[in-house]
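Since the structure comes first, as structure tokens, the remarks are kept for the end.
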Amino acid sequence: MKVVSQRLADKSILRLIRLWLRSPVQQPDGQLEKSRIGAPQGGVIFPLLANIYLNVFDEIINNPDGVYAKEDIRIVRYADDFVLIKTKHYPPKILRRMNNTLSRMGLTINQKKTKLLHISKSSFCFLGFEFRMVQSKFKWNTKRYTNIRPSMASRSQLYARISECLKIRRHWKIKPVVYKLNEILIGWLNYYSITKVTHIWDTVSQIKWHLDYKLYKWLKSKGRKAHKALRQRPFYNLVKYKNLLDIEKYASLKFHAKATGRTLSVSRMSE
């Protein structure tokens, strides 16, 4: 609350946050347990408070006269997830100091999700993206480049959402289902398409293949004889005749729109 009060002056808001932090936590058995350690991870207010509280940690890392700056260490953080970056080998004392710093703040590193690695030898995932080093596709080029793409977990989550969307709408008409699918696809592509940063073309091709298969199964279910023609090439036909989002075209337009500074607008039918 001391850190929060440095950014907020409204006493009524501060009182509300204080009450929120003291509110009991409901256990799986329905019992209420008094909160003693602040907002639980995954709570509604947790990301906001984590950003405010861990700003202190950012200041420690970025202090030009501090140990971290002298070791040329930089931090990239979102809420309670962060990556410490260094161009050379990490000295053991830095890891111990980091743990001690967070311990004094009342925080504990999640050892299962924390690892020390060299980017040229191992990839890592952060905020749904996978960071890795890859060889150039040109045989004459022996250099390796940083490749950033949607992680396997993020793709699996998208596939699960597509499957769930089709499963619970088995008897819906095609246009409303297409509308729901477009919402899912546009939201996913908007997050993972970053101009000159992410490489999503291979991923988009995989999503297209997966979506084509799922649409075939959906159109075939419950004997949709009237849609036999659409089942021959489900993705292509629904894009052409039913306004399904052409994800390859959208990703390409989005890339070029950002590169030229234009705003990309997508027409979507009403439900």
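The values are calculated or read from the model by the stated rules, or taken from the named source; none is laboratory data. As the structure is a computational prediction, the values presented were derived from the model and not from experiment. A quick note on method: Cβ atoms are made from the backbone with ideal geometry, for glycine too, and the neighbour counts reach across all protein chains shown. What goes into the accessible areas is simple: the full protein's heavy atoms, side chains included, and nothing from ligands, DNA or RNA. Shrake-Rupley method; radii C 1.70, N 1.55, O 1.52, S 1.80 Å.
Quick notes
- Our helix-only sum for the chain, with -39,500 (n - 2.57) per DSSP H run of n ≥ 4 divided by its residues, gives a mean residue ellipticity at 222 nm of -14000 deg cm²/dmol.
- Over segment 64-212, Cα pairs under 8 Å with separation of 6+ residues give a relative contact order of 13 percent.
- Three-way shape call for the chain based on the alpha-carbon gyration tensor, with the a/c threshold at 1.5: oblate
- Computed over protein heavy atoms with a 1.4 angstrom probe, the accessible surface ordering of Val178, Val3, Val197, largest first, is Val197, Val3, Val178.
- Taking every DSSP beta bridge that has both ends in the chain, the antiparallel portion is near 95%.
- For segment 71-98, the residues whose amide N sits under 11 Å from a probe point set 7 Å from the Cα of Val3 along the beta carbon direction are 79-80.
- Unit charges at the beta carbon, dipole of segment 1-129: most positive-side option, Ser12, Met105, Phe82: Met105
- Cα centre as origin, Lys/Arg/Asp/Glu Cβ charges: segment 54-170 dipole, Debye: 740 debye
- Debye, to nearest 20: dipole size of the chain, +1 on Lys, Arg Cβ, -1 on Asp, Glu Cβ: 1200 debye
- If R0 is 45 Å, the Cβ-Cβ spacing of His89 and Glu164 corresponds to a FRET efficiency of close to 0.50.
- Taking all protein chains as shown and a probe of 1.4 angstrom, Tyr53 keeps an accessible surface of around 80 Å².
- Lys-Lys pairs in segment 34-153 that are eight or more residues apart or on separate chains and whose Cα atoms lie under 25 Å of each other come to 23.
- Taking every alpha-carbon pair under 8 Å whose residues sit at least 6 apart, the chain reaches a relative contact order of 9 percent.
- If R0 equals 22 Å, the separation of the Cβ atoms of Leu32 and Asp10 corresponds to a calculated FRET efficiency of about 0.20.
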